[in-house]
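Data block below; observations after.
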Amino acid sequence: MPIGEFDGAAKLPGDSASLLATPMYWFYEMGHAALDPSRAFADATKLFFKNPANPFAHTQYGKSVAAAAELFERVTRRYGRPEWHIDSTLVGGERVPVHINTVWERPFCRLLHFERAFTNVPRRPQPKLLIVAPMSGHYATLLRGTVEAFLPNHDVYITDWRNARSVPVSEGRFDLDDYIDYIISISHFLGGDCHMIAVCQPSVPVLAAVALMEADKDPYVPHSMTLMGGPIDTRVNPNGVNKLAESRGLEWFRSHVITKVPFPNAGVMRDVYPGFLQLSGFVSMNLDRHLEAHRELFRNLVKGDGDSAAKHKDFYDEYLAVMDLSAEFYLQTVDTVFIKHSLPKGEMTHRGRMIDPGMIERVALLTVEGEHDDISGVGQTEATHKLCPNIPAPMKVHYLQPGVGHYGVFNGSRFRSEIAPRIADFVLSNNGGKGGGTKRAPAKKTEAAH
């Protein structure tokens, strides 16, 4: 995953470098505001040249002007938090309503439950599934397809991380240690009777949280953890992103990408890695592909191919919606995961306590990678198996999906037809005695204090 998708917990001092970076966000906000009249004019132009009463609307010229105006408005707008748009699912051939409820909440995260309103309770086991979404710049809705794939046969929960610019400074800092605490607390809230799926960035904190719980003989450990395209050991098949982090060093990131949230956001003066910088990093990794996609959108708008244009808009409405990351979280993750490689070297700590994945014995492990993943290289997630030698062999599985890149690991047709069924089978076979796997003593459901 791009560096911008990772958290950091090193405390940011008010040094001169940080102060020099501070105006960056403010200038961005001013530039965005300055474009408001142009966006309004472009929107009006589009409506004028698409009006059936306008004779130019039926000409190549009119269609081209309308398409250009719409493209300008879309490229320069700010995309808000997307909606889930999940109101039902199909369970055993029956259409079941889905209600999305917040069941657990902290300043930087809320836990969403996709509650299915059954008329007839299905006979097949419905394992509890916790999807740990990446706190990586995009909102949890990026995993909409992941959630939809598991809803028919699972009781699904997901971490919904908050935009750091919306969290007041009075709520305190948030770093990688806090992230790990949140995961442990959620596992306690769910009573341990659950399966965790970490999509990319959370693979490191999820593995760390499970290792800490195992070391404490915690009865609330999950039955299994599935790590998908995660940077467990970025020394394996390092890509440009991995090499950049090592060559630049932590101070470069602190001085070049950290800035303060401007007024009137609720988190004014909070140190963050801003979403607009992350987005520029995402786009630059595949600039030619994005340029061609927008050229294709222009052509589809001109020729009136509404279906193709709608697919483009749906994708980019999600892709271009980004959130700010807490600076502490971002910097600590860059340092821990990409620069020091602390976890695979046995040097990662949580609040001064050593993290040892070798302590994991009761939690089944599935790792999933994509053959063409250019963000988390092949082998970086599989490295987890060497770090967890005490998990019994029948409870450890690795799967490499041919023909997919990073996003294909958790979304798309290959995910739905080949990856999701494998995860579902793995979950069911390690469901704590409810359909297979190992049994453990029941534990009373409580919520861990944080």
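Out of curiosity, is L331 closer than 25 Å to D178 by Cβ and surrounded by 15 or more Cβ atoms within 10 Å (Cβ to Cβ)? Against the criterion (closer than 25 Å to D178 by Cβ and surrounded by 15 or more Cβ atoms within 10 Å (Cβ to Cβ)), L331 qualifies.
Scanning for something assigned to a helix (DSSP H, G or I) and in the same structural domain as Y182 (by TED's automatic domain parsing), does region 232-240 turn up at least one residue? Among the residues of region 232-240, at least one is assigned to a helix (DSSP H, G or I) and in the same structural domain as Y182 (by TED's automatic domain parsing), which makes the answer yes. Just one of (1) at pLDDT 55 or above; (2) touching a helix residue (DSSP H, G or I) at 6+ places or on another chain (Cβ under 8 Å); (3) more than 18 Å from A133 (Cα to Cα); (4) aliphatic (A, V, I, L, M) fails for A448. It is (1).
The lone criterion from (1) out of contact with any strand residue (DSSP E or B) (no Cβ under 9 Å at 6 or more places or on another chain); (2) within 15 Å of L365 (Cα to Cα); (3) modelled with pLDDT of 95 or more; (4) not basic (K, R) left unmet by G436 is number (3). Please work out which residue is surrounded by the fewest Cβ atoms within 10 Å (Cβ to Cβ), limiting yourself to region 364-390 and to residues that are of a type outside the set (V, I, T), in contact with a His (Cβ under 7 Å, 6 or more places away or on another chain) and assigned to a loop (DSSP other than H, G, I, E, B). Taking the candidates together, the pick is D374. Restricted to region 396-411, and to residues there that are part of a loop (DSSP other than H, G, I, E, B) and within 20 Å of the chain's Cα centre (by Cα), the residue that is farthest from P134 (Cα to Cα) is V404.
Looking at E361, E418 in this structure, which one is modelled with pLDDT of 95 or more, outside any strand (DSSP E or B), in contact with an Asp or Glu (Cβ under 7 Å, 6 or more places away or on another chain) and assigned by TED's automatic domain parsing to the domain that holds V206?
The match here is E361.
When region 63-112 is limited to residues that are in contact with a Pro (Cβ under 8 Å, 6 or more places away or on another chain) and of a type in the set (G, A, S), the one that is farthest from I131 (Cα to Cα) turns out to be G92. Applying the condition of being among the hydrophobic types (A, V, I, L, M, F, W, C) and under 16 Å from the mean Cα position of the chain (by Cα) to region 304-333 and asking which residue is farthest from P202 (Cα to Cα) yields F315. Being surrounded by fewer than 22 Cβ atoms within 10 Å (Cβ to Cβ) and within 29 Å of A266 (Cβ to Cβ) is a property that G172 has. One residue stands out among those in region 210-230 that are part of a helix (DSSP H, G or I) and under 29 Å from N411 (Cα atoms): the one that is nearest to the chain's Cα centre (by Cα), which is V210.
Test G249 against the criterion of being out of contact with any Ser or Thr (no Cβ under 7 Å at 6 or more places or on another chain), on the phi > 0 side of the Ramachandran plot and at pLDDT below 90, and give yes or no. For G249, the condition - out of contact with any Ser or Thr (no Cβ under 7 Å at 6 or more places or on another chain), on the phi > 0 side of the Ramachandran plot and at pLDDT below 90 - is met.
The values are calculated or read from the model by the stated rules, or taken from the named source; none is laboratory data. Note that the structure is a prediction, hence the values are computed from the model and not measured. Neighbour counts run over all protein chains shown; Cβ positions are idealised from the backbone, glycine included.
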